[in-house]
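The values are calculated or read from the model by the stated rules, or taken from the named source; none is laboratory data. Bear in mind that the values here come from a model prediction, so they are computed numbers and not experimental data. Here Cβ is always computed from backbone atoms with ideal geometry, including for glycine, and neighbour counts include all displayed protein chains. Each accessible area value is taken on the protein alone, full model and side chains, heavy atoms only, with ligands, DNA and RNA left out. Shrake-Rupley method; radii C 1.70, N 1.55, O 1.52, S 1.80 Å.
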Amino acid sequence: MSRNSDPYIFTTDTLPSDLRFLPPLANGLLGWKVFSSVMHMGGVYNGEAGHCHRADVPCPLAVKMEAEDPAQHSYTLDTHTGVFCHTLSSATETATQSLYSHRFYPNILVMEVLLERHVTSEEAVTVNLVSSFTPQSKDIHFESCPDYKGGRHIEGQTTTAEFPGGFCPTVHLIWTPVPSSLTLLPQQTNARWGFFLVVANSLEAATSSYDEGLNLMVTGDLRPSHEEAWKELWLQSKVEVTGSETLCKALIGCMFYLLSAFPSIHDTSSCFGGVSPGGLSNGGDGQDYWGHVFWDQDVWMYPGIALFYPKLARSVLEYRVGTIDGAKDNAQKQGYKGLKFPWESAVSGREVCPEDIYGQQEIHINGDVTLAFQHYLYLTEDLSMFTEGKGSEVIYGVADYWVSRVTFNPDDKKYHLLGVMPPDEYYYNVNNSVYTNTVAKLSLQFAVELADLLQHPAPNEWREVAEGISIPFDQESQFHPEFDGYSKGQPVKQADTVMLGYPLGLPMTPEVRRNDLEAYEPVTDPNGPAMTWGMFAIGWLELGEADKAQRLLEKCFKNIQGPFQVWSESSDGSGAVNFLTGMGGFLQAVLFGYTGFRVQKERLIFSPLLPDDISELCLRGINYLGNQMDWLLRKDDVCIILRQQTGRAGNANPRQLQVVLKASGAKIPLTAGQPVTFPREAGYICKMDPPSSCWPL
């Protein structure tokens, strides 16, 4: 149990009995669960097609510290700095082992040991370092190489490519040797030791990173540069509530682990390998969805990060652009045109799902990918992502796929999507999944919009299918059936139809929104995946029922496994770990639920509402059209401070913003450094004196 009042610090005297819930340390490239003998590297998979999984990489820093004499143990994860510490303390001395994945230099993993003497003594102080490391992997054939500047060096290549003729990545490890014990001599009051590991795909990158690590150790900048990178990251985002310590800590944990899965904001390599449900620390053979990338990245994890970090948001889109060739191959193999993004993706974009039915039928993934691109454009107006960044190829390719995938029924003169699996995976081979058809409609509409913006001739079929696709609706019961033939009361695995309101934004009356929530909430599997209840909470917040939303959101707390705020996929602790998808849904319930934020063309809508037990919600660093804003939401009013105008991605000039209150019609300009406070009411933020269309960027 935590003894620290700082909600950013997770402290315990005992490690979790289930070692799956040890804290992961990741930096967007390397992921490692503390003390584990196995780590992973982004983009390094082994195995073909359905056997593809994150390749196990042995970790030379898999070391546990043990004292020769009895001592008290404590374990702390400091999310301010991304450093995990194991401390052994007695009346006479303290030993502290620190572990971290370097936030600025992503190829580096670090272990430091500090021994301190509290009383004068002629006795030496020794701690043992017990290693579980072996330089072997079932996925990579490693061979020893000559030492490099005192560092051990092994090199290997994965055994099997993702597809026939594909590339088998090479992995280099160079690390400073770790002795079996460390000793503080009698005349010393304290001493420090540093050990680090470099993991890279080439010899040049490995030696260069190792040289950098050695230089940082000599100058004493190894840890400070890591902590400074986390400090810079946190300065651009803050999500804190007043009134619930449990909620506040959960939100901080979500932000920390999600940010850990993304690259550095200074990374220019464009080699990001995407975000999988269990993050980089997990995903080996048969574990946590094999480290594959799903719709989880684009729909569940991406929106909360994009609200603060346009650059990190763009890295998600660049990952999808990098898989276009594989998506073309998937579509052709299914007999369709355009792009079919895989249900499970690794590096190539070819389908790597172990079971064919998901890759064949869970086609909503295409619309989910497009949704992230649309969200990004509305949030940033960064057109470069769609021109030289090739995002337009994604949008147009998905539109072509939908046109070739639909079936026209002359009886009702509607387009239908037949033989699909909705997000609710309890059902398959159904027709007209309401979620799938809606997201297809939206992605076709966005393709037309983007084509107009880029002066690209849009095929008439895009408009025709968008306008004519069937969206199931029960007129008598005034609710959306999940698919053709769905009957009220049938069990549901997870949030599906309730996502029509958010994030899809399908227009509907409050009555229909309520009917959908009331129809699906009681039949949703209580042991379903963690992100589900966040979507129900957002729905009830839209209808003004904050306390009901809060009760549903609190269901997610059962998925948080102590003491390090690690999430499990299911409330009983089973399923994927560390479940970033659940964290993403939970975070969105606060970022888009309590605030009412909706990112739309030409405006950022807000409609704040807090439950009774939350007195304040503080959001730092909301980034809209190149402007960074801090928001303080209270029971009766809202305060916004335009903190910094940074310029939107792809353009150095930020847009001047104003707040428009819907009830009063008041227009309030936002000026950097000047707080603006107004009564709590719905409204939106848009550009000052916007022209009839903001799209000439």
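List of remarks:
- Shape category assigned to segment 226-294 from the gyration tensor of Cα positions, a/c cut at 1.5: oblate
- Accessible-area rank, largest first, for 85, 59: 85, 59, with all protein chains present and a 1.4 angstrom probe.
- Entries of 33/64; 488/558; 238/548; 64/558 with Cα pairs more than 19 Å apart: 488/558; 238/548; 64/558
- Modelled FRET efficiency - R0 30 Å, residue 203 with residue 123, Cβ distances, 0.05 increments: 0.10
- Shape class for segment 119-258: oblate, because the ratio a/c of the largest to smallest gyration tensor axis (alpha-carbon atoms, square roots of eigenvalues) is 1.5 or more and b/c is at least a/b.
- Potential lengthening of the chain between residue 672 and residue 452 amounts to 75.8 nm, from the contour at 0.36 nm per residue minus the alpha-carbon distance.
- Magnitude of the charge dipole, segment 277-389, Cβ model with Lys/Arg +1 and Asp/Glu -1, debye to 20: 300 debye
- Taken about its Cα centre, segment 31-144 carries a charge dipole of about 500 debye when Lys and Arg each add +1 at the Cβ and Asp and Glu each add -1 at the Cβ.
- Computed in the context of the full set of protein chains, the accessible area of the chain at 1.4 Å probe radius has 49% of its extent on carbon or sulfur.
- Potential extension, residue 190-residue 639 segment - 0.36 nm per residue separation minus Cα distance: 156.8 nm
- Along its three principal directions, the equivalent ellipsoid of segment 9-155 from the Cα gyration tensor extends over semi-axes of 31, 19, 14 Å, largest first.
- Taking a span of 18 Å or more along the helix axis (Cα atoms) and a mean Kyte-Doolittle hydropathy of at least -0.5 as the rule, the DSSP H helices of the chain that qualify are 203-219, 245-260, 364-380, 391-405, 434-453.
- Accessible area in the full protein assembly, largest first, 1.4 Å probe, for 480, 118: 118, 480
- Per-peptide average of other Cβ atoms within 10 Å, ordering 18-27, 365-374 highest first: 365-374, 18-27
- Rolling a 1.4 Å probe across all protein chains gives residue 488 an accessible area of roughly 120 Å².
- In terms of accessible area, using a 1.4 Å probe and ignoring ligands and nucleic acids, 355, 155, 681 rank largest first as 355, 155, 681.
- When only the Cβ of Lys, Arg, Asp and Glu is charged (+1, +1, -1, -1), the dipole of the chain relative to its Cα centre reaches about 1320 debye.
- Each of 594, 367, 383 was placed along the dipole of the chain (beta-carbon charges, centred on the mean Cα), and the one lying farthest toward the positive end is 383.
- Selected from 148, 131, 121, residue furthest toward positive end of dipole (segment 101-156; charges at beta carbon): 148
- The simple spin-label model puts a point 7 Å past each Cα toward its Cβ; for residue 574 and residue 612 those points are separated by 3.6 nm.
- Residue-by-residue Karplus 3J(HN,Hα) for segment 57-74, coefficients 6.51, -1.76, 1.60, Hz, glycine and proline x: 10, x, 10, x, 9, 6, 10, 10, 8, 10, 8, 6, 10, x, 8, 8, 9, 9
- Given R0 = 60 Å, the distance between the Cβ atoms of residue 460 and residue 183 translates into a calculated FRET efficiency of 0.15.
- Beyond 23 Å in Cα-Cα separation lie the following of the pairs 337/390; 337/601; 249/493; 149/231; 138/493: 337/601; 249/493; 149/231; 138/493.
- Cα gyration tensor shape of segment 54-127, rounded if a/c is under 1.5, else prolate or oblate by comparing a/b with b/c: prolate
- Per-residue extension of 0.36 nm, minus the Cα-Cα distance of residue 387 and residue 244, leaves a gain of 47.0 nm for this segment.
- Sites residue 149 and residue 660, calculated FRET efficiency, Cβ-Cβ separation with R0 51 Å, nearest 0.05: 0.25
- Top positive-direction residue, dipole computed over the chain with Cβ charges, set 656, 313, 487: 656
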